[in-house]
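Comments concern the structure below.
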Amino acid sequence: MCTMKKLILGLLFFGFAAHMFAQVITLSEVRIAVNYKYLDAVDNMEAAIPVQLLEDKVGLYDIKKSELYSDEYDTYTISFYIPDGKIVAVFDQNGDILRTIEKFKDVKLPEDVLTAVAKRFPNWSVVSDVYRVNYHAGTNVARKMYKITLTNGDEKIKVKTDADGNFM
């Protein structure tokens, strides 16, 4: 009985001692999105990694901290490039995104789009795709479209879908 008490007290002591030596992690920098409305509208959580990275960069971009910024201009057009695509964004004098035009080539297609294409075009293969996004702050909507080139032997067709796999 006495050894059972010692065992229980020893485990309790060990449990408390382990918490005393826990690591403290500090964050060096936290960045708050300047254009959270844009990031919310494009909702890039399901998008391919290159798309996510570039859209996040656009959403975090602060035109007021740019060397291009001057009080005398009403709008600023800034282009963001990566090898897989580009985004042209128009900012107002307050740093808010007014609109974007986005184009990415050969990105990983979302599951909904792949499923819709495979169902409608069995035995066809995806050769290439272009992902386009148009965002307008007035409506706070991002229109997303995929242009997909399919092949089946010597035949080739092009189809368009939205982000949910609905054909246009």
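Is it true that some residue in the stretch 115-136 is among the small types (Gly, Ala, Ser) and under 30 Å from residue 36 (Cβ atoms)? No: zero hits.
Are any residues in the stretch 67-88 more than 21 Å from residue 130 (Cα to Cα) and touching a residue at least 12 places away in the same chain (Cβ under 8 Å), and if so, which ones?
Taking the stretch 67-88 and keeping what is more than 21 Å from residue 130 (Cα to Cα), we get 67-78.
Answer for the stretch 67-88, where residues must be more than 21 Å from residue 130 (Cα to Cα) and touching a residue at least 12 places away in the same chain (Cβ under 8 Å): 71, 73, 74, 75, 76, 77, 78.
Annotation: of all residues in the stretch 123-132 being within 20 Å of the chain's Cα centre (by Cα) and open to solvent by less than 60 Å² (accessible area, probe 1.4 Å), the one that is farthest from residue 87 (Cα to Cα) is 129. Screening residue 69 on (1) aromatic (Phe, Trp, Tyr); (2) surrounded by fewer than 17 Cβ atoms within 10 Å (Cβ to Cβ); (3) out of contact with any helix residue (DSSP H, G or I) (no Cβ under 7 Å at 6 or more places or on another chain); (4) over 23 Å from residue 52 (Cα atoms) shows it passes everything except condition (3). Out of 115, 75, 100, report the one residue that is in contact with a strand residue (DSSP E or B) (Cβ under 9 Å, 6 or more places away or on another chain) and modelled with pLDDT of 95 or more. Result: 100 is the single residue among 115, 75, 100 that is in contact with a strand residue (DSSP E or B) (Cβ under 9 Å, 6 or more places away or on another chain) and modelled with pLDDT of 95 or more. Taken over the stretch 87-108, the criterion of being open to solvent by less than 90 Å² (accessible area, probe 1.4 Å) and farther than 17 Å from residue 34 by Cα is satisfied by 102, 103, 104, 107. Taking the stretch 50-65 only, how many residues are open to solvent by 20 Å² or more (accessible area, probe 1.4 Å) and either in contact (Cβ under 8 Å) with a residue 12 or more places away in the chain or over 12 Å from residue 84 (Cβ atoms) (or both)? The qualifying residues number 9.
For the stretch 137-168, the set of residues classified as more than 21 Å from residue 39 (Cα to Cα) and polar (S, T, N, Q) consists of 149, 151, 152, 161, 166, listed by residue number.
So for the stretch 7-23 (the condition being open to solvent by less than 40 Å² (accessible area, probe 1.4 Å) and modelled with pLDDT of 65 or more), does at least one residue qualify?
Let us first name the residues in the stretch 7-23 that are open to solvent by less than 40 Å² (accessible area, probe 1.4 Å), namely 10, 15, 17.
Restricting the remaining residues to those that are modelled with pLDDT of 65 or more gives 10.
Yes; the residues of the stretch 7-23 include at least one that is open to solvent by less than 40 Å² (accessible area, probe 1.4 Å) and modelled with pLDDT of 65 or more.
Within the stretch 133-166, the set of residues being in a strand (DSSP E or B), open to solvent by 70 Å² or more (accessible area, probe 1.4 Å) and either free of Cβ contacts under 8 Å to residues at least 24 places away in the same chain or acidic (Asp, Glu) (or both) comprises 143, 147, 155, 158, 160.
The values are calculated or read from the model by the stated rules, or taken from the named source; none is laboratory data. In this text, all values refer to a predicted model and were calculated from it rather than measured experimentally. Please note: Cβ atoms are built from the backbone with ideal geometry, for glycine as well, and neighbour counts cover all protein chains shown. Accessible surface is based on the protein model in full, side chains and every heavy atom, while ligands, DNA and RNA are left aside. Shrake-Rupley method; radii C 1.70, N 1.55, O 1.52, S 1.80 Å.
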